[in-house]
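First comes the structure, then the notes that go with it.
The values are calculated or read from the model by the stated rules, or taken from the named source; none is laboratory data. All of these numbers come straight from a predicted model, not from anything done at the bench. Reconstructed Cβ throughout: ideal geometry from the backbone, glycine too, with neighbour counts over all protein chains shown. The accessibility values were calculated without ligands, DNA or RNA, using every heavy atom of the protein model including side chains. Shrake-Rupley method; radii C 1.70, N 1.55, O 1.52, S 1.80 Å.
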Amino acid sequence: MSRRNSQFQPHTPHTPVLPPNLEPDSFTAQRLTHALPEHLFITSRRLFIGPVPKGWTAPAQHHFHLPHHTPTRVATFSADGRVSMQRRVTGLEGPSAAAVWESSFPRPEDLSEEESAVEEEEEAEPGAGNTDTPVRQPRSAEQQRSDTTDTFVSAPEGEENARLAPEPLDPTRLGSINSGSVPLESVSSQGAHLQPVSSTEELIQRTPRAEDGPEGHATGGDAAMSARGGILGGVSRVVTRVGESAERRQKGTGHIKFDVPEPGEGRVERVLSAARMLEGDVKRPFRRVLRRKTVEGQIVKMEKMLVRVEASLDKNLPPDYDENGQGVVTRTLERWSEAMVVCRQSHREEAEFVLQFYKTRVIPAVEGEKTRKRPVREIILSRKHAKVNLYSSLDKTVVIWEPGEKGTKISILRARSAANGVEWYTFLRGVLGYHRTSDIQISIPDLNVSLRIEDPFGELADDEEDDEEVDEEKIIQKTMEREQLVAGNLIRRSLAVLESSQDWAGVMSSWAPDQPIGLAWKRYDRLEWIHGTNEKRMYGTMAMMKSHDLELRPKEHFPTTAPTPSRGELTEPPPVEGFLIRLTSQKGVHQSVSRLFFKRLYFSTHDHLLFFSRPARAAPPPPPPRRPGPLAAHTDDEADAVPLIYAVTPYPLTDGQITWLAPPTPRATVAAHDQAAQAEAARSAYNLTSADGYIDLTQVATVRGLQNPDGTNGEVNERAGSESSSEADMAAPGPEVAADDRTFEIVLGNGQTVRLQAFDSTTCSEWITRLRALARYWTARRAADTALLQSTRRANLTALHIDEAAEADVGQRAKKWEVAASVASPSLYNLCGVGGCRAVVMAGPLYRKKKRRGLFEKVVCVAAAGGLHIFRQRRGAGGQARPEVGWNKVESIPLGECYLYSGVLVEGDLVYRDSASGAVAGSGVPRVWLPEGWTSCDEDLVCCFVVWRARRKGFFREGKEGGGGGLGLGLKRVSALGKQGRGMVFRARSRVERDRWVLALGGEIERGVGGEDVRIEGE
């Protein structure tokens, strides 16, 4: 049986088809578009090592922030009385054909049903379960209670409990993640079961919205997204990593990218409808435009952009002018500032369209002689007065220059997202009269073949051009729908051409049979996948054929295996999370004078990073629902027992397919499980964004039992860094370890030791086993990624016959035909960030300069959940980094409010270029980056990028049609147009790393971009 089964029954062997019981716009459907069920299972599973301590998730209190405590206070925590000693980790380690609620240990084949029921009851005994290493017996409940000096409750009581009490849950707002094959009535009945647990009570609180009812419950169309709003209203842009959020789908249906109210059939709707039709006319035959009665001064296209104006004494710039300059010397007239860019129909005779720049959010619908709001600048869009080109092939910045008698004025336009930038470039070229190519060349690197597709946009032709009575709005809407199918049509036509050929028919049946196929733009060693907005607007992205190659490739994701020299190929272990007590300060000190240090934290792993946060800000997973079957008839105490350790599997597998998608599961059940998976993604992203710091698991030397229980740090012995010593510490603990079998240590490569205390010996053993596996795997995975980077560069150097010093210049400035022989790795530019498979989109070291004339400092940046999270370590007076146990968060930048640009545009923010080392301008300083061994001769301009944010804010009145504003008076806080902002410069270690960061951050910005606040006045 094929691994894809019913979930991928394609029209062609490489085109995925979603199950009939899954909605096409659902969260799971968007993820299955790019990934197989096995990949979703591996990247979404998690293991919670409990329990949830009493009182830890209450609002922050005074003693939470004290760095030290007296020895009379015992550093421990107590669990709720309903916590059992059972482990429920079925389906965590891999796909299983057994029932989801089957016991976690193998059973004999001749076991009867009655004996099976008895075995399930015995699973609650301590130590039962499928463990990788022998687990020591935990202490009894009486001993645990006797060791606890603090008295806690499971949630804040009294007034605080009433304030944090969650609203009743319904099937559209599930908190359970262990979906399995549970019926809908079983899944939806867990609301009462979740309320006593204090894991997510703060997160279930919703912020009432205007479209919600009086009690804050979702109504009507908001039910589909209520899981996101109910779990984490503050990270609404985080959940829908694949595609657009519900708000964007509702407000972003048109091509005009500004946010306006929808009061019904008012003036704004007529303006938007007319603008959509006019923009469509630019893409349609000219006779269609002449047939319509248009209004001079009417809006055609509008968007808020980042604008920079330069001037040059050269009167004739080359037609392909871009960031490489071609020897053009320019000076800056206006620095970067936001402006509303509007394209209108012109009333001038020399041009039909004009491009206007406004520094106000109040835009006239039709410009006339009596219009009060005037633009600050205009560009006449004709071939005589203006030229347009794509300024940067990486961030898709657009450049327009106007030749004049005294020189040339150059306007550089940076849209919020790369997709919008390319669409504007195609739109302006169409306005200036440039025609689209009549054929497209598609390369298939795996087969070493190229295809030429003729008339790729033939289906967009209007079938009713000769009909004078045709409804223009319907035709424009039909054309826009057909534009979204261009990418799929190109894939199907390409595969059909190969399958119809006798030479390639046999090869196609064995080429990537289990992977979906996608399109990607390739430039040198960089791949840019066509997905989401880029895929829907591919009609406009075809302008990239000038600088990029279009390739047909299997959709690859970040690998889930890692090769090792001694252990073979390792499979990615499941991430872990849970509550622990850290007995070590940030400096690695266990005690100061007579005071012992301890701090309560919530730990969770994401890729190779072990994040920690305050318990009050943590969101532990809700416990699994009650089991159906024999246990359902037991007492309430036994049925409601919370497992001590349990798995979180939003996408359980059965025979290679997601269990709850198998027919004949009804649509209501599938929708409930889909929303539960979406809630789990939001919860995982929230824990990452609320973290206070992290520990790098690739820098871990060993994870062992307690050493030196007297509180001194001590020196790590010579065997501490080896795996054998770690296993010896666990297998044969000495008397010192037996003194407290709940405590373990993480020994870092810099000599620091982190001491952590778990709930009991069982959870301590589980933490040691899981962290060892994670550290071993991600160390091997990091080494494999570095080796892949180096091998890809060596292959390109050999293919193009260049050296390392010329590699950066070739990657930045070479023409398309000059680098046609280069290769690109789809594993480095994978689809995990696009498909939302992992919470971390990209993480790594960068050098940051906060101010224009400041100094660079080394930080670690994590791109996740629509933001850029910056971590750093403390440094001494001499600038040397102090050895610490982890990296602390210093800033989180919401990327939805930012612009991103790179390349030569960074020179104004960089101020200098390798001047500190005395290098000649234009040449890079040779560098080697340890311990990876990566070498680079790239100059600063090709290694830097800037994240630009508006510095000043202002108030904007939405008007009568907008209803109430954010402040209750029709006013809203927005960025001030025409004002200079703040650009934060980041330097990567090489051009390749810069390209990966720009693409990753650009994707996060694109997902966070919403509508713009603008008011259209006049008719």
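Just subtract the alpha-carbon distance of Glu369 and Asp692 from 0.36 nm times their residue separation and send over the number in nm, one decimal. Could the numbers behind the result be given before it?
Working: separation 323, 0.36 × 323 = 116.28 nm, distance 5.72 nm.
Taking 0.36 nm per residue and subtracting the Cα distance, the gain is 110.6 nm.
Provide the gained length on full extension for the span Lys851 to Leu930, in nm with one decimal, where the gain is 0.36 nm per separating residue minus the Cα-Cα distance. Numbers along the way, then the final one.
Numbers: separation 79, 0.36 × 79 = 28.44 nm, distance 2.74 nm.
This chain segment gains 25.7 nm when fully extended.
If you scale each eigenvalue of the Cα gyration tensor by 5 and take the root, what three semi-axes come out for segment 837-893, rounded to whole angstrom and sorted largest first? Each step should come with its number before you reach the end.
Values: eigenvalues 100, 44, 14 Å².
After scaling each eigenvalue by five and taking roots: 22, 15, 8 Å.
Whose amide H sits under 5 Å from the amide H of Gly867, counting only residues 5 or more places off or on another chain, with H placed in the peptide plane?
Leu895
In vacuo Debye scattering of segment 380-432, one point per C-alpha: log10 I(q)/I(0) at q = 0.25, 0.28, 0.31, 0.32 Å⁻¹?
-0.93, -1.07, -1.20, -1.24
Label Glu569 and Leu447 with points 7 Å out from Cα along Cα→Cβ: what is the distance between them in nm?
Here the modelled spin labels are 2.5 nm apart.
Could you compute the FRET efficiency for Ser438 and Arg973, with r as their C-beta to C-beta distance and R0 at 56 Å, rounded to 0.05?
Values: r = 49 Å, r/R0 = 0.87.
Efficiency computed from Cβ-Cβ geometry: 0.70.
Taking the Cβ-Cβ separation of Asn489 and Asp655 as r and a Förster radius of 45 Å, what is the calculated FRET efficiency to the nearest 0.05? Don't skip to the answer; put the middle values down first.
Details: r = 33 Å, r/R0 = 0.73.
With a Förster radius of 45 Å, E is 0.85.
If one puts a single equal scatterer on every Cα of segment 770-821 and applies the Debye formula without solvent, what log₁₀ I(q)/I(0) results at q = 0.23, 0.29 Å⁻¹?
Computed log10 I(q)/I(0) values: -0.84, -1.08.
Using a 1.4 angstrom probe on the protein heavy atoms only, line up Lys301, Lys587 by accessible area, largest first. Don't skip to the answer; put the middle values down first.
Values: Lys301 5, Lys587 115 Å².
Sorted by accessible area, descending: Lys587, Lys301.
Using θ = phi - 60° and the Karplus curve 6.51 cos²θ - 1.76 cosθ + 1.60, what whole-Hz ³J(HN,Hα) does each residue of segment 421-432 get, with Gly and Pro shown as x?
Ordered by residue, 3J(HN,Hα) equals x, 5, 5, 5, 4, 5, 4, 5, 5, x, 5, 7 Hz.
At 7 Å along Cα-to-Cβ for each site, give me the label-to-label distance between Asp320 and Ala820 in nm.
1.3
Throw me the Rg/Rh for segment 525-571, computed over C-alpha atoms with Kirkwood Rh, two decimals. Each step should come with its number before you reach the end.
Values: Rg = 16.8 Å, Rh = 13.8 Å.
Rounded to two decimals, Rg over Rh is 1.22.
Summing Lys, Arg as +1 and Asp, Glu as -1, what charge do residues with Cβ under 11 Å from the Cβ of Pro574 carry, Pro574 excluded? Let's see the in-between values first.
Working: positive: Arg45, Arg46, Arg770; negative: Glu93, Glu572, Glu577.
Around Pro574, the charge tally is 0.
Going by amide H atoms built from the backbone, whose H comes under 5 Å of the H on Asp1013, apart from near neighbours?
Answer set, sorted by chain and number: Asp259.
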